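Peer 1: Here it is, the structure, as structure tokens.
Each value in this text was obtained by applying a stated rule to the coordinates, not by laboratory testing. All of these numbers come straight from a predicted model, not from anything done at the bench. Methodologically, a virtual Cβ is constructed for each residue, glycine included, from the backbone with ideal geometry; neighbour enumeration extends over all protein chains shown.
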Amino acid sequence: MTAPEPQWLTVQQVAAYAQRHPKTVERALRLYKRSNGRKGLRGAQPNGPNSCWRIRPADADRWCGAEPPKSTRRLQSV
């Protein structure tokens, strides 16, 4: 029998899953709020600005698939 999938994930769990820094996840959560849901990562922050963010696993999957990590190196033309 497999363990049930968690209903909510923390910022740290999403960062580990997406292989990104937790600050990147927090920026994506704030971007979602500022852009009225058009960009970023959907999440819930129930008790004010200093409370913990919660993200559904399906939203984390959507965000990871829609936004691949950007390369820091530029390709040089030959």
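Peer 1: Quick check: pseudo-label points 7 Å beyond the Cα along Cα→Cβ at ALA58 and ASN36, how many nm apart are they?
Peer 2: Between ALA58 and ASN36, the simple spin-label model gives 2.4 nm.
Peer 1: Residue by residue through region 55-63, which ³J(HN,Hα) values in whole Hz follow from phi under the Karplus form 6.51 cos²θ - 1.76 cosθ + 1.60 (θ = phi - 60°), with glycine and proline marked x?
Peer 2: Couplings: 10, 6, x, 5, 5, 5, 4, 4, 5 Hz.
Peer 1: Using amide H atoms built in the peptide plane, which far-off residues or other-chain residues are under 5 Å from LEU9 H to H?
Peer 2: Long-range HN contacts for LEU9: ILE55, ARG56.
Peer 1: Here's a follow-up. How big is the Rg/Rh ratio for region 11-65, C-alpha atoms only, Rh by Kirkwood, two decimals? Provide the component values of the computation, followed by the final result.
Peer 2: On the way: Rg = 10.2 Å, Rh = 11.1 Å.
Rg/Rh for region 11-65 comes to 0.92.
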